[in-house]
Amino acid sequence: MNDLLGYRGKRVIVSGCYSGMGEATAKLLLDLGADVHGLDYKPCALPLASFQQIDLRDPASIEAGVAAIGGKIDALFNCAGLPGGGAFPAMDTFAVNFAGTRHLTECVIPAMGEGGAIVSIASTGGLGWSRRIPVHMELMQTSGFDGAIAWAEAHSEHVAEGYAFSKEAVIVWTQFMCARLIKKGIRINCTLPSPTQTPMMETFHATSGKEVVDAAAEPLGRYSTAKEQALGVALLNSGMAGIITGVVLPVDGGFMGSLATGQIDISKMMSRAKPAA
């Protein structure tokens, strides 16, 4: 197999490798010849180079996991996440999706060199980010895991049920960090998946409503697969991506394009959404 994406022999970390998009990403990277090190709350059955059980709500756990991997890291795939809609406590969702993800990334960056790459899975559920840039920029000024959590606890009206705001924060953080990281030769990007058939889909149906989730799967007309989402993050972290950084890439079968051109009415979608429990 030609190594066009440049993963053969590269040391990479995948968080959330137990299931869903993270598991699909780890599988793909193994097939591409990468040396894959996994992180998750639940044990992973894949033949990884190493696996560390961590809790993204616990900074000490994150630090220990990264330290156990050791050595140079070529790419980080932030695939771990929790759904929203009241399925988990709001602060747990925020901690996993943003505070823990940011802390993990900050722990890995010192192990990266020129050519390093970071990608995170955000969500089309974070589309509101551009309407509250000043709020998110306050959050971006916080330091470390504890700083992010303290800010969130003091601004619960913005955090709300946790999911949408945390995904907005990932989008803003990606753009916020790109200029300073590229000076070190490190790229950072994120993706916006359309509804994807993973073990979390049942929770999204229960909390947001199947009608709303199905509407976000247009115009593709079906849910994406975890492998399709893995291909998107693998592309962004690959050698083929050159100097692409700070990009928020829709991997959505045309949803964002249709939304931007008025072919999908998001206000109608949101009016059908179930209130958070």
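Taking segment 58-85 as the range and being out of contact with any Phe, Trp or Tyr (no Cβ under 6 Å at 6 or more places or on another chain), over 21 Å from Glu23 (Cβ atoms) and surrounded by 19 or more Cβ atoms within 10 Å (Cβ to Cβ) as the test, only Gly85 passes.
Considering only residues in segment 143-179 that are under 22 Å from Val248 (Cα atoms) and of a type in the set (S, T, N, Q), the one that is most open to solvent (accessible area, probe 1.4 Å) turns out to be Gln175. Screening the candidates Lys268, Lys227 for the property of being at pLDDT 70 or above, farther than 21 Å from Ile171 by Cα and not in a loop (DSSP other than H, G, I, E, B) yields one hit, Lys227.
For (1) more than 18 Å from the chain's Cα centre (by Cα); (2) crowded, with 19+ Cβ neighbours inside 10 Å, each residue gets a yes or a no:
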site	(1), (2)
Gly9	yes, no
Ser19	no, no
Val36	no, yes
Leu39	no, yes
Cys44	yes, yes
Leu56	no, yes
Ala90	no, yes
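If you go through segment 238-255 and keep only what is more than 16 Å from Glu228 (Cα to Cα) and either open to solvent by 50 Å² or more (accessible area, probe 1.4 Å) or not in a helix (DSSP H, G or I) (or both), you end up with Gly239, Met240, Gly242, Ile243, Ile244, Thr245, Gly246, Val247, Val248. Cβ-Cβ under 6 Å, sequence separation 6+ or interchain: first residue in segment 129-153 and hydroxyl-bearing (Ser, Thr, Tyr), partner in a helix (DSSP H, G or I) and modelled with pLDDT of 95 or more. Which pairs? Listed pairs, sorted by first residue: Thr142/Ala148; Thr142/Trp151. Residue under question is Leu29, and the condition is that it be touching a helix residue (DSSP H, G or I) at 6+ places or on another chain (Cβ under 9 Å) and open to solvent by less than 20 Å² (accessible area, probe 1.4 Å); does it hold? The answer is yes for Leu29. Being crowded, with 21+ Cβ neighbours inside 10 Å, modelled with pLDDT under 95 and either at positive phi or of a type in the set (Asp, Glu) (or both) is a property that does not hold for Gly125. Pairs linking a residue in segment 174-189 that is over 13 Å from Leu236 (Cβ atoms) and of a type in the set (Gly, Ala, Ser) to a residue that is open to solvent by 30 Å² or more (accessible area, probe 1.4 Å) and not in a helix (DSSP H, G or I), with Cβ atoms under 8 Å and 6 or more positions apart or on different chains, are Gly185/Glu114; Gly185/Gly115.
The values are calculated or read from the model by the stated rules, or taken from the named source; none is laboratory data. Here the structure is a predicted model, which is why all the values come from computation and not from measurement. For neighbour counting, all protein chains shown are included, and Cβ atoms are generated from backbone atoms with ideal geometry for every residue, glycine included. All accessible areas refer to the heavy atoms of the entire protein, side chains included, with ligands and DNA or RNA removed. Shrake-Rupley method; radii C 1.70, N 1.55, O 1.52, S 1.80 Å.
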